[in-house]
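Visitor: The structure under discussion is supplied below as structure tokens; questions concerning it will follow.
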Amino acid sequence: MKKQLQKISILAAMLGAFGSFAQTNNGIQPCATFESMEMHFKNNPSAKGNYENVQRILAEQTKQYEQDKLAGKMLAPPVYTIPVVFHVLHQGGAENISDAVIQQALNWVNKDYDRTNPDANTTAAPFNASFINSEIVFKLATIDPNGNCTNGIVRRVDSRTMWDRNPPGAFSYLYNGITWNPTKYLNIIIVKDIVAASGQVGTVVGYTFKPGSWPTGAVQDAIVYNASFMGDMIDARNISHEIGHWLNLSHTWGNTNNPGVSCGDDGISDTPVTLGEFGGCASSSVQTCTQTNPAMVGFNNVQNIMNYSSCPRNFTTGQTNAMRAACVSGVSGRNNLWSTGNLASTGVNNTPNCAPIAEFVATTNVYTVCTGGTLVLKDVSYNGTVTSVSWAGSSNVAISNSTASSPTATFNTVGVETITLTATNGVGSSVKTRTVLVRDGSPQITGVYGESFESGYPSNWSIVNNQGVTWATTNLASYDGGTSMFLDGSNSGVGQVDAMQMPVIDGDVYNFLATPQYSLTFAYAYARKSATHNDILRIEGSRDCGATWTTIQSLSASSMASGSGGVTSSAFVPTSSQWKIHDISQAPSWVTFSAAKSITLRFTFIEDATSGFGNNIYIDALNFTAQGVGFNELAKKLKYAVYPNPSNGATNVRFSISDASFVGAEVVDVLGKVVIPSTIKSFSPGEHVIAINQNNTLSKGIYFVNLSVNGAKVSTKLVVE
């Protein structure tokens, strides 16, 4: 979600970190810390017991810290310096925020923790006096765990930038390979999106786990944060909030993510018992909860950074004491972070001067292309200022500009190719190589085309099956001829996915935007096993030879069953009246394929995700039509025939035309390669025969004979024995 924040002056910024949260509770979730902790504890009940024991220990340590402070044992408290590393997960988009944005955000965080934020003195009494310098400082590390130079900002091209906590085991695989040892570094993971918990909606800004939630050194001991909330002091204050949790602070109303529900206590003596606020900036003297501390009667610390109000700006002395006690504690290894040895090994007091780490992406985030296809590349190298880049490709790759930051690579040969980027600065250089799979994008459908599956499943089509039964030919029912494609839904398991993929279509011929007279229709028949079965037939298209797929249209169970087989638990075999014709070209997204040269379409049936084992679906009579003339109609009009078929030698192509026409016949193999080229000639009206394979040059196999009449094409299968 992109926030629209008008930054007119520093006074506007002083409205506070959660000003953008004052929309609705469902619009933005400022913090998902306790929600995430409960998700973790639900899957690991023993972890909750350990956490509660640790919290009791930390409470005692905080109490002892405050007693020592009152006794004058901390007249000159040490400064606790925390090494920080930001891990930016991205796919080349806006989520790959700049070093300058990160450094500025960390600068604002430090202002919150040392009380130099520009709105500190506007904190309402009595909390103004209790807002003190925490003597906790956050600095970017300059040495990584392997002893290498780092600027403290690590960038990874990683799909986990769409951070989803919901699948089982997510808290294990999400963090693996990302976080550095959390007893040596505060890890802040920047992502494009934090997916809301199951059953909830809204944009999650950030979350972490309080100390003791995980074993010491666990990879999950980190802050996860939304890249969209990094822009200025308003945004950075949200990081201050999450660091507060990481240093064991609760929300001002307690250990939930839901303010305004009931009065709650965060366990800090100088923060009032409160309902908490979600947005707004009510008077700090308005308070409706019974206080346990007489000094707090009549006060409400609306402006506390651990609240959700629109004007947060302060911690209290008690909160600072609790955070410093967490720093001193061995719980989760916090006491090692600021130790002299660790500060030296992480290099927080050094000025980094690092060689760059080379990295690049394709702007599509896809590394499969059709022959003749291109990828626009983008340099996203990091760790040091890049002064020059150099691109190179394997022998069959053409790079448009080898020294540009965003060149174009062209791939003309089927196979596996490589792209290499070298990034350089005055310190050194590094290299990144990626492989690109180039698939044959040669069109096999280059004109009017039809398929009724009369000779079985076409050999130049393909089936994708993830389990059990899948698409097969059947003579139980058909719309055209005697056979159709059939999927036995009664034996199709929960959520099973089965796809029928067509051959590559010539997008230059089927320019769907420029020549809207082209359309694609097919016949289907379907019955729904029950009124709650939610099967789906999805028509999908690919512009990159199947590397990625876009849904053109999705047909629901109810819409398919209506006018066809309806709802029945009996095995469905359609009558002639139960077939429906569907025109895919009427789908709004159909024209988006107009810019592609090589297009692939597929029919994907998805079995009900809850119960599975539904009823049957049939597909037949697929036709590309041009100017209202379909394949079958055109073939009949031309009296088109190939004989003998099967053949073991010469074969005849017969056709009849009513007007003088330019006609040619070519033969292609199942991969679309032309094995007998066409010679276009002018033919007079009447019936004609073109002889092919007269010299018996075709080896045994399956071929397709394409007849072209004034540019309109029909095709039929030829079997050579």
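The values are calculated or read from the model by the stated rules, or taken from the named source; none is laboratory data. Being a predicted model, the structure only gives us computed values, none of them experimental. Cβ sites come from the backbone with ideal geometry, for glycine too, and all protein chains shown count toward neighbours. Note: areas computed on protein heavy atoms with side chains; ligands, DNA, RNA excluded. Shrake-Rupley method; radii C 1.70, N 1.55, O 1.52, S 1.80 Å.
Visitor: By how many degrees, 0 to 90 and rounded to 10, does the Cα axis of helix 233-246 deviate from the longest principal axis of the chain?
Guide: On a 0 to 90 degree scale, this one is about 80.
Visitor: Let me ask something additional. Which order do the peptides 265-272, 697-704 come out in when sorted by mean C-beta neighbours inside 10 angstrom, highest first?
Guide: Result, highest mean first: 265-272, 697-704.
Visitor: How high is the relative contact order of the chain? Use alpha-carbon pairs under 8 Å, at least six apart in sequence, and give a whole percent.
Guide: Computed over the chain, the figure is 10 percent.
Visitor: For region 499-506, take each phi angle, set θ = phi - 60°, evaluate the Karplus expression 6.51 cos²θ - 1.76 cosθ + 1.60, and give the result in whole Hz per residue in order, putting x for glycine and proline.
Guide: Result, rounded to whole Hz: 10, 10, 10, 7, x, 5, 9, 6.
Visitor: Which angle from 0 to 90°, rounded to the nearest 10, does the C-alpha axis of helix 45-70 make with the longest principal axis of the chain?
Guide: In the chain, helix 45-70 runs at an angle near 30 degrees to the longest axis.
Visitor: Could you tell me the center-to-center distance, by alpha carbons, between region 167-183 and region 256-278 in angstrom?
Guide: After rounding, the separation between the Cα centres reads 30 Å.
Visitor: When you have a sec, figure out the Kirkwood radius of region 381-488 from all distinct Cα pair distances and drop it here in Å to one decimal?
Guide: 18.7
Visitor: Could you tell me which residue out of 340, 302, 288 lies farthest along the dipole of region 240-355 toward its positive end? Charges go on the beta carbon: Lys and Arg +1, Asp and Glu -1, centred on the Cα centre.
Guide: 340
Visitor: Between 490, 31, 372, whose Cα lies farthest towards the positive end of the dipole of the chain when Lys and Arg beta carbons carry +1 and Asp and Glu beta carbons carry -1, centred on the Cα centre?
Guide: It is 372.
Visitor: Please state the charge dipole magnitude for region 211-328, taken about the Cα centre, from unit charges on C-beta atoms (+1 on K and R, -1 on D and E), reported in debye and rounded to the nearest 20.
Guide: Charge dipole of region 211-328: 120 debye, to the nearest 20.
Visitor: Cysteines of the chain lacking any other cysteine beta carbon under 4.7 Å?
Guide: 31, 327
Visitor: Setting aside same-chain residues fewer than 8 positions from residue 681, which lysines have a Cα under 16 Å from its Cα?
Guide: 713
Visitor: Calculate how steeply helix 99-113 sits against the longest principal axis of the alpha-carbon atoms of the chain, using the helix alpha-carbon long axis, and give the answer as 0 to 90 degrees to the nearest 10.
Guide: So the helix axis and the longest Cα principal axis differ by about 30 degrees.
Visitor: With +1 on each Lys and Arg Cβ and -1 on each Asp and Glu Cβ, how big is the dipole of the chain about its Cα centre, in debye rounded to the nearest 20?
Guide: In debye, rounded to 20, the chain gives about 500.
Visitor: Which net charge results for the neighbourhood of residue 605, defined as the other residues with beta-carbon distances under 9 angstrom from its beta-carbon, given Lys and Arg at +1 and Asp and Glu at -1?
Guide: It works out to a net charge of -2.
Visitor: If you average the sequence gap of Cα pairs under 8 Å that are 6 or more apart and divide by the length of region 395-438, what percent do you get for the contact order?
Guide: Reported relative contact order: 33 percent.
Visitor: Can you sort 275, 622 by 1.4 Å-probe accessible area, starting with the largest?
Guide: From most accessible down to least: 275, 622.
Visitor: Sort out for me the Cα centre separation of region 453-484 from region 520-557, rounded to whole Å.
Guide: 16
Visitor: Determine the sum of side-chain charges near residue 251: Lys and Arg each +1, Asp and Glu each -1, restricted to other residues whose C-beta is under 12 angstrom from that of residue 251.
Guide: Residues near residue 251 contribute -4 overall.
Visitor: Projected onto the charge dipole of the chain (+1 at Lys/Arg Cβ, -1 at Asp/Glu Cβ, origin at the Cα centre), which of 197, 436, 259 gives the Cα projection farthest towards the positive end?
Guide: Among 197, 436, 259, the one farthest towards the positive end of the dipole of the chain is 436.
Visitor: Using the Kirkwood radius over C-alpha pairs as Rh, can you work out the diffusion coefficient of region 77-120 via Stokes-Einstein at 10 °C, viscosity 1.306 mPa s, in µm² per second?
Guide: It diffuses with D of about 127 µm²/s by this estimate.
Visitor: Highest first, please rank the peptides 606-612, 196-202 by the mean number of other Cβ atoms sitting within 10 Å of their residues.
Guide: 606-612, 196-202
Visitor: A follow-up question, please. Whenever you get a sec, line up 261, 674 from highest to lowest accessible area (probe 1.4 Å, protein heavy atoms).
Guide: My answer, sorted largest first, is 261, 674.
Visitor: Find out how many positive minus negative residues lie around residue 561, taking Lys and Arg as positive, Asp and Glu as negative, among other residues whose Cβ is under 11 Å from that of residue 561.
Guide: +2
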